[in-house]
């Protein structure tokens, strides 16, 4: 029989704000790091499809150090009291032209941050501190380990963005050349050959190609607070080199990207 289980809150920083009346224009909420650089920016004008990202399954408690993304990404600007939950993550990698910032970005390291709410010419700034999960330090993971993990995940995030943009460029060119003949038909054949090493076919048990390998690395090192292994760092170097070669070949086929 089903056993009752408690409802756990979505992990993240809960930020409360009050609006005496609904503003006519956009309101924004920014997370800033200790140097004043923007970590994440949220807006009341965000697209409808981005109201909520994936959340932790109800009734499941996360293991120590695991990070789940969640919470609304569109600010509510109706009159009254509001609670916004930042999932403690940077923006995720580029997905497509409609989603230049995807979900599940690298987790912010413990430290001092600021929250800035802006409504027209009015701005309010408040401090925000991310503290280390004591279960993580108890397991032997240090602040230096978390910083190294963050730096690595930011590099891999860029790699994921680059491969996604490359795939989008290949697919757009394939669509344009689908009915091509002559020299353009030869160009399409070269594109198809490149795509076969870049994109995993959408069939069960297909051989994973470069985009899948890159995404897998990102997911594995971005799932939990952990010390990054040397194999992951070396794997990044291999995948970066492979993608750069694919991009160079694509530029030979289509010309440099404008």
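Restricting attention to the range 229-258, the residues being touching a helix residue (DSSP H, G or I) at 6+ places or on another chain (Cβ under 9 Å) and not in a helix (DSSP H, G or I) number 2. Count of the range 79-102 residues, restricted to those that are modelled with pLDDT under 90, exposed (fewer than 15 other Cβ atoms within 10 Å of the Cβ) and out of contact with any helix residue (DSSP H, G or I) (no Cβ under 8 Å at 6 or more places or on another chain), is 2. All conditions but one from (1) in a helix (DSSP H, G or I); (2) at pLDDT below 95; (3) loosely packed, with under 12 Cβ neighbours inside 10 Å apply to residue 186; the one that does not is (3).
Listed here are the residues, each with its yes/no results for (1) outside the structural domain of residue 28 (by TED's automatic domain parsing); (2) at pLDDT below 95.
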residue	(1), (2)
104	no, yes
115	no, no
147	yes, no
153	yes, no
157	yes, no
169	yes, no
176	yes, yes
179	yes, yes
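Annotation: of all residues in the range 117-140 being at pLDDT below 95 and surrounded by 13 or more Cβ atoms within 10 Å (Cβ to Cβ), the one that is nearest to residue 218 (Cα to Cα) is 136. Residue count for the range 1-40 satisfying the condition of being modelled with pLDDT under 95 and either touching a helix residue (DSSP H, G or I) at 6+ places or on another chain (Cβ under 9 Å) or closer than 24 Å to residue 93 by Cβ (or both): 3.
The values are calculated or read from the model by the stated rules, or taken from the named source; none is laboratory data. As the structure is a prediction and not an experimental result, all values here were calculated from the model. Neighbour counts run over all protein chains shown; Cβ positions are idealised from the backbone, glycine included.
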